[in-house]
Amino acid sequence: MNEREFALEQVNTALPVFREINELYYAANSLNQQAMAVAADEDRYRQKTKKAFKWNFGYEGIGAILGWNVPILVLQVLGMRTPQILAIAGAVAGGFLGHRFKKKLLDKKHQSTNQQIDSMKPQMEQISREIYRVTTENQEQINLMPRDYRYYDAVSFFENALTNGRADSMKEAINLYEEHIHRQNMELNSRQILHQNRMQSEMLANIEQSAQQAAVNTGITATFTILQYL
């Protein structure tokens, strides 16, 4: 077995593990994006509700206007004059009721937002547990890859370069991948992908360290959440 074949064998051994972790990572990322979208929707609703109408009157202002004018109109219909103090009291009461109405709307929206986000937490926790399990149960395969390239994008690139003869060793495959990363760094749209790759690498390193500490000291409980790496 020559150097290229040996490197390719190691990559093919590790690749399925990294693929599974990558799929779990992006499932968690998708859930996180949904939660962020729900929170952003609440923020837009809050800003819109502060100005109830296009002429920028809030509910308090609308309530104050109605509270001022309604008593005047009613008493005018009855042929009576409106004491100024009554109009002022009506405006204050209307503003207060408008504020209460706005608060009720915002509270209802906030409750709905929390319910939607809370409904995603069990899924996120399940993904975290699965990532931890897959990583710890396959640490030997993961360790076949160089420390700084333990994520799916890099391992997949190595497999392609070695299979197609673009690289004859792991060192050559790494050099080609570094050139690939450099080109991606020049592209704004690719920087998020590079960031997520680094997060995956850091995540696996921290899981390994956490598992080792838990194995040495039985008093330590290994805790892991994917949210730290999204």
- Query: In the stretch 94-140, which residues are without any contact (Cβ under 8 Å) to a residue 40 or more places away in the chain and buried (at least 16 other Cβ atoms within 10 Å of the Cβ)?
  - Reply: Gly94, Gly95, Leu97
- Query: For the stretch 154-176, what are the residues that are in a helix (DSSP H, G or I), surrounded by fewer than 20 Cβ atoms within 10 Å (Cβ to Cβ) and not aliphatic (A, V, I, L, M)?
  - Reply: Ser156, Glu159, Asn160, Thr163, Lys171, Glu172, Asn175
- Item | Where a residue in the stretch 1-17 is under 13 Å from Gly165 (Cα atoms) and touching a residue at least 12 places away in the same chain (Cβ under 8 Å) and its partner, wherever it lies, is assigned to a helix (DSSP H, G or I) and aromatic (Phe, Trp, Tyr), with Cβ under 7 Å and at least six apart | none
- Note on the structure: Considering residues that are crowded, with 18+ Cβ neighbours inside 10 Å and among the polar types (S, T, N, Q), the number found within the stretch 141-153 is 0
- Message: Checking the structure you have, find out if any residue of the stretch 165-177 is modelled with pLDDT of 95 or more, under 27 Å from Val134 (Cβ atoms) and not aliphatic (A, V, I, L, M).
- Response: yes
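The values are calculated or read from the model by the stated rules, or taken from the named source; none is laboratory data. Bear in mind the structure is a predicted one, so any value in this text is a computation, not a measurement. Methodologically, a virtual Cβ is constructed for each residue, glycine included, from the backbone with ideal geometry; neighbour enumeration extends over all protein chains shown.
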